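Undergrad: Once you've had a glance at the structure underneath, I'll fire off some questions.
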Amino acid sequence: MVVDDHPMWRDGVARDLAAAGYDVVATTGEGRQAVRIAGAARPDVVILDLQLPDVSGVEVINGLLEAVPGVRVLMLSASGEQQSVLDAVKAGASGYLLKSAAQAEFLDAVGRTAAGDTVFTPGLAGLVLGEFRRLAVEPAGDDAMAPKLTERETEVLRLVAKGLSYRQIAERLVLSHRTVQNHVQNTLGKLQLHNRVELTRYAIEKGLD
């Protein structure tokens, strides 16, 4: 599903997705309408502009996640401002890509988002990691109660926090794709998290970058 208030841009993105083999179930230029449509269309991935005429992109993210639990939201915005990026990630966006991205980069980001990866325009990942780590303040003693991860699980988690895909992590650590998936699933279970986005936030908050 594509949500953008500029018709030419919205239609262009939809065409690129369709040409790449994706099923575009809906397009709209308004946030409130996007939430209503998503409830019926049940998209797996929503490409969402941050600036919409009726409500903010952050509000739309909240509405989408409530209407379609498990939906993955990829922000596609002209703004790379720090606060915009952080607000979107805090609200539950799976990734943030600038509109200046090349078509190949955009389509790769959509594919990775659909696969459960967190995706950021180069440079923004570091911004998010650094800021979340700086803001992460936990009461003393929480670490003592934290689940214990193995050295390999911690290593995989650190690479997840950097935004690497399963394939990239497997190549970096000389492991199979399936082994990396197993490590991620084991870590999710230990930390009582539900998906890779939540896992990434945990890694960011713990400073595992």
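What follows is calculated from the coordinates using simple rules that are stated; it is not laboratory data. Just so it is clear, the structure is predicted and the values come from calculations on it, not from any experiment. Counting neighbours? That spans all protein chains shown, and the Cβs are built from the backbone with ideal geometry, glycine included.
Undergrad: Calculate one ³J(HN,Hα) per residue across segment 59-69 by plugging θ = phi - 60° into the Karplus curve 6.51 cos²θ - 1.76 cosθ + 1.60, and present them in order as whole Hz with x for glycine and proline.
TA: For segment 59-69, the Karplus curve yields 5, 5, 4, 4, x, 5, 5, 6, 6, 10, x Hz.
Undergrad: Grab the Cα-Cα distance for Glu66 and Glu151, subtract it from 0.36 nm times how many residues apart they are, and report the gain in nm with one decimal.
TA: Between Glu66 and Glu151, full extension yields 27.0 nm more.
Undergrad: For segment 7-84 and segment 148-164, compute the distance between their C-alpha centroids and round to whole Å.
TA: Centre-to-centre (Cα) distance: 30 Å.
Undergrad: Once you put a point 7 Å from the Cα of Gln51 and another 7 Å from the Cα of Met8, both along the Cβ direction, what distance in nm separates them?
TA: In this crude label model, Gln51 to Met8 measures out at 1.6 nm.
Undergrad: So what J values fall out for segment 162-175 if you push phi through Karplus, 6.51 cos²θ - 1.76 cosθ + 1.60 with θ = phi - 60°, rounded to Hz, Gly and Pro as x?
TA: 7, x, 6, 7, 4, 4, 5, 5, 4, 5, 5, 9, 6, 10
Undergrad: As an exercise, use a Förster radius of 45 Å and the Cβ-Cβ distance of Leu188 and Asp16 to find the FRET efficiency, rounded to the nearest 0.05.
TA: My answer for the efficiency is 0.90.
Undergrad: Work out, step by step, the length gained on full extension between Arg172 and Arg42: first 0.36 nm times the residue separation, then minus their alpha carbon distance; give nm to one decimal.
TA: 43.3 nm
Undergrad: Right, here's the next one. Short version: ³J(HN,Hα) in whole Hz for each residue of segment 101-110, in order, from phi by Karplus 6.51 cos²θ - 1.76 cosθ + 1.60 (θ = phi - 60°), x for Gly and Pro, what are they?
TA: Taking θ as phi minus 60°, the curve returns 5, 6, 4, 4, 5, 5, 5, 5, 5, 5 Hz for segment 101-110.
Undergrad: Now, a different point. What are the extents of the Cα atoms of segment 1-132 along their three principal axes, in Å, largest first?
TA: Rounded to whole Å, the extents work out to 37, 29, 26 Å.
Undergrad: For segment 11-51, count the residues as N, evaluate 2.2 N^0.38 Å, and divide the Cα radius of gyration by that value, please.
TA: Working it through for segment 11-51, the quotient is 1.14.
Undergrad: Moving on. Let me spell out the model: positive unit charges on the Cβ of Lys and Arg, negative unit charges on the Cβ of Asp and Glu, origin at the Cα centre of segment 7-82. What dipole size does that give, in debye rounded to 20?
TA: 180 debye
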